[in-house]
Each structure stands twice: as structure tokens, then as C-alpha cells.
Amino acid sequence: MEYGLDNAKLAVKNHLPRAANEPSKIRTDAQVIIIVATDEIDNGIKVIPFEETKACNLQSNTAAALQTTLAPYLDTFSGKNNVEEAAIFHVIGGVCDNLCGVAITHDYNFLANKLGGIVGDGCQQDLGVTLQGIVSSIQGASSGIKLAHVPISSSLRVAIGSKEIPRSKSKGYDYSPESNTITFINEPIQQGDVIYLMYHYWK
């Protein structure tokens, strides 16, 4: 039986308060990332009737009950209770119309959508795209340049000084829509360099 939500919550709380030089504690400058990989709804969640476990959309009363049940977890991982507990929440689990017929992980997916995470299909044969998306999101959250607006992705142009930088996952820059950040990959930046960002966005 899986109790991923309580375990994730305790995994954060048991390593607080943060400390700079204590191996058993979360570093003061660290971004907490939670990744749940599962093929079932958390066993502590009792509000989703069996007949709705594979439904893409929950009944309104079920959705409301689920939101109420998940509120304490959302308060924890959003940092509402304690800013040191804030975390980004990613899920590789059950999605709508998945290919292996597992229950849709509405509980975990709800938290991922609220906390800026990615929801990946646990039934896909190649998890590479999902894992790369999670890695890019983590890079963006930990070291990226936060944009003032959500850009039209195809319009992005980035330069270091007079040198335009290509968008690339091996050498250049990458954009993470989850954290709305630009991250440089194998592209050295020196102190004093001026970074230029240009993009269009919808008003």
C-alpha cells in the first residue's frame, strides 16, 4: 500500500530546520523537489469512489472533497505553513486515457498542477521526454533567470553581450515553461557580462 503524500511530507519535515553545514538537514539555499512515481492513488485518500478512479474528470462533489482533503499537503508544499517546507512537486503516474489502464492519480496530479510541477504518463514506453522535462524544470528553478512575463516560446531570443545564444539542451540556453525561467547550459558567463532577452508575450 502506498502513502506517498504522508511520506513526502515527512521527508521534508524530518530534514528541517534548514542548515548550511549539516548533512541530515536541507541546505539553506536548496530548492526542494519532490518526484512521485506511482501507478495508484494514495491509500490515504478515501474520497474518490472506485468508479471514478479511471474517469478523466471527477464529479464536482468528489473534486471538492479531494481539494479539501489535499489542502493540508498543499499548505505544506506551497510554504504557506512554513516557507522552509516549500517544494516543487512532479508526478510520473496515471494520466487521462493512459495506455495501461491504471487509475488516474488525481491526488498527486492536483498537487503537481498547483505547485508548478510536471505530470508524466507512467505508462509511456520511453520516459525520456518526461524525465528531461523534469530535469529542465529543476535546472530552471535552481539556477534560471526568471522572466517578467510568460513568453511566446518561438519568439525567444537570448544573447550574452553581442553574441546570440542558440536554444539547445547541450550547449546554449533552454526555457522551462514550468518555472518560466531561462537556464544556460555549457555556456560560460563571466562577471560583468550583459545578458539580453527578447520575446513577445500575450497581453
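Computed from the coordinates by the stated procedures, all read-outs in this text should not be read as laboratory data. Note that this is a predicted model, so its numbers are computed, not measured. Positions of Cβ are backbone-derived with ideal geometry, glycine not excepted, and every protein chain shown enters the neighbour counts.
The table below lists the values:
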{"item": "Test item: Cα-centred dipole of the range 145-198, Lys/Arg +1 and Asp/Glu -1 on Cβ, debye", "result": "80"}
{"item": "Qualifying chymotrypsin sites (Phe, Trp or Tyr not before Pro) in the range 148-203, DSSP loop, other Cβ atoms within 10 Å at most 15", "result": "201, 202"}
{"item": "Helix 60-77 axis, angle to the chain major axis (alpha carbon atoms, nearest 10°)", "result": "50"}
{"item": "Contact order normalised by residue count of the range 4-142, Cα under 8 Å, 6+ apart, percent", "result": "26"}
{"item": "Fewest-first sequence of 15, 200, 106 by Cβ atoms within 10 Å of each Cβ", "result": "200, 15, 106"}
{"item": "Partners for residue 25 among aspartates and glutamates (Cα-Cα distance below 15 Å; same-chain residues under 8 apart left out)", "result": "84, 85"}
{"item": "In nm, spacing of pseudo-spin labels at residue 80 and residue 164 (7 Å Cα→C-beta vector)", "result": "4.5"}
{"item": "Label selected from (i) 115; (ii) 163; (iii) 125, the criterion being volume of the Cα convex hull per residue in Å³ as computed here", "result": "(ii)"}
{"item": "Given charges at beta-carbon only (K, R positive; D, E negative), |dipole| of the range 4-142 in Debye", "result": "440"}
{"item": "Filter on 80/146; 9/80; 163/203; 171/203 - keep pairs with C-alpha separation over 20 Å", "result": "80/146; 163/203; 171/203"}
{"item": "Extreme residue, positive dipole direction of the chain, given options 70, 21, 196 (C-beta unit charges)", "result": "196"}
{"item": "Crossing angle, helix 4-13 versus the chain [Cα axis fit, 0-90 degrees, rounded to tens]", "result": "50"}
{"item": "Crossing angle, helix 128-143 versus the chain [Cα axis fit, 0-90 degrees, rounded to tens]", "result": "60"}
